[in-house]
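Worksheet: the structure to be examined is printed underneath.
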Amino acid sequence: MSTSISGREPFEQRLGALQAGIDSARERSGVAVAERIERRAVTLREVAEASGVSISTVSRILDDRIPQSRSSTAERVRQTADALGYRRNAAASGLRRGATGTIGVLVPRLTDTVMALMFEALERAARTRGYFAVVATSGDEPDEERRATETLLDRGVDAVILATARLGDLLPASLRDRGIPHVLVLRSDGVSPSSLGDDEMGGYLAVRHLVDLGHRDIAVVTGPDFTSSARARLAGALRATTEAGWEPPPGRVIAGGYGVDDGVAAGDALFRTGDAPTAVFAANDNIALGVLAAANTAGLRIGADVSVVGYNDIPLASRLPVPLSSVRVPFDQIATTAFELLQSDTGGGAGAVRKALPTLIPRASTRPR
């Protein structure tokens, strides 16, 4: 008499029962039905049940990224998988199984310090999980974003991380429709899984800081309206002024790009008249650098004549002649959360937006009014 394994049926009996099911189907319903059964993908659960071990054990033994075990259990699992016709489905397994071990990251440009910092954080998070991150740039142009993403996919990346999303963007929608694992970082389209900072809270903290210092004439220089980050930071800034009992007058809210030149242009518009604001919130540090340059050209002293707060707290911010107050964004936390979203069951479709809390870092560029 044979003995059972872990209280279950013997290995040979379980394997024979599964094969008998196919044979019985052939006898009852003809070859066409049997062929459909044979073509159906054999699951890890079926291999586990026939082998008398757990699903996780089967997954580990059949994972070709791990050195093969020579134990009797491992040999039995491999024999069972071969007998049942199990084939690993790399496309269905997605990031959790790691078909190629490569993650594609798309950013607008690496000359943007924020995007470079974000990619470095993503690369660190990928490395700790055994993945290799590759980066492509798009210049923040939708056509280039689609082309670059398709290039990454053609090279077999397991998933795509986008730092380029626009509100109403067609690219994340296309990835969702095709079931491609992806996550958005720093920006969100409101639908695809997203990992970003709490931009509304960050904008609020920046302007609340200026209000608490006694400023009442505060200008806000924000980023592109097609980005969730710019809209949320502006919303947070306006929440702070509303709490203080006033709204920025016309001309005190300027929208533009996220570059240094955009900050210079906004600063020139604010400082070239005799009615300059006493404080400026710039929606990123690049904009803030441009505002600082424009203030210097206008003969204004940073901190004394005009206070300036930036956003992202890039390394240069603390090393300027007048160190820049800025809202610090936890890039490593955002990167870690991005991978958690990719490895969850929502990685290829609609999912929640995860927001990391920013921190205000006051420095000499902001002083009491």
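The values are calculated or read from the model by the stated rules, or taken from the named source; none is laboratory data. Treat the numbers as computed from the prediction; the structure is a model and nothing was measured. Cβ: placed from backbone, ideal geometry, glycine included. Neighbour counts: every protein chain shown. Note: areas computed on protein heavy atoms with side chains; ligands, DNA, RNA excluded. Shrake-Rupley method; radii C 1.70, N 1.55, O 1.52, S 1.80 Å.
Worth a mention:
- Residue within region 278-289 that is over 32 Å from the mean Cα position of the chain (by Cα), within 18 Å of residue 210 (Cα to Cα) and acidic (Asp, Glu) present: no
- Residue-level check: of (1) open to solvent by 70 Å² or more (accessible area, probe 1.4 Å); (2) touching a helix residue (DSSP H, G or I) at 6+ places or on another chain (Cβ under 9 Å); (3) of a type outside the set (Asp, Glu); (4) in contact (Cβ under 8 Å) with a residue 60 or more places away in the chain, residue 333 misses just (4).
- Filtered by the rule that a residue be open to solvent by 10 Å² or more (accessible area, probe 1.4 Å), touching a residue at least 24 places away in the same chain (Cβ under 8 Å) and polar (S, T, N, Q), region 257-295 gives 278, 286.
- Filter result for residue 232 (more than 25 Å from residue 162 (Cα to Cα), small (Gly, Ala, Ser) and open to solvent by less than 60 Å² (accessible area, probe 1.4 Å)): no
- Among the residues of region 249-277, just one is touching a strand residue (DSSP E or B) at 6+ places or on another chain (Cβ under 6 Å) and either polar (S, T, N, Q) or within 19 Å of residue 368 (Cα to Cα) (or both), namely 277.
- Selected residue [modelled with pLDDT under 95 and within 12 Å of the chain's Cα centre (by Cα)] from 128, 164, 151: 164
- Residues that are in contact with a helix residue (DSSP H, G or I) (Cβ under 9 Å, 6 or more places away or on another chain), closer than 23 Å to residue 328 by Cβ and of a type in the set (A, V, I, L, M, F, W, C) were ranked within region 97-118; the one that is modelled with the lowest pLDDT is 110.
- Within region 105-152, tally of residues that are β-branched (Val, Ile, Thr) and open to solvent by 30 Å² or more (accessible area, probe 1.4 Å): 7
- Among the candidates 367, 301, residue that is open to solvent by 10 Å² or more (accessible area, probe 1.4 Å), more than 16 Å from residue 283 (Cα to Cα) and in contact with a strand residue (DSSP E or B) (Cβ under 8 Å, 6 or more places away or on another chain): 367
- Residues located in region 153-184, provided they are among the hydroxyl-bearing types (Ser, Thr, Tyr) and open to solvent by less than 10 Å² (accessible area, probe 1.4 Å): 164
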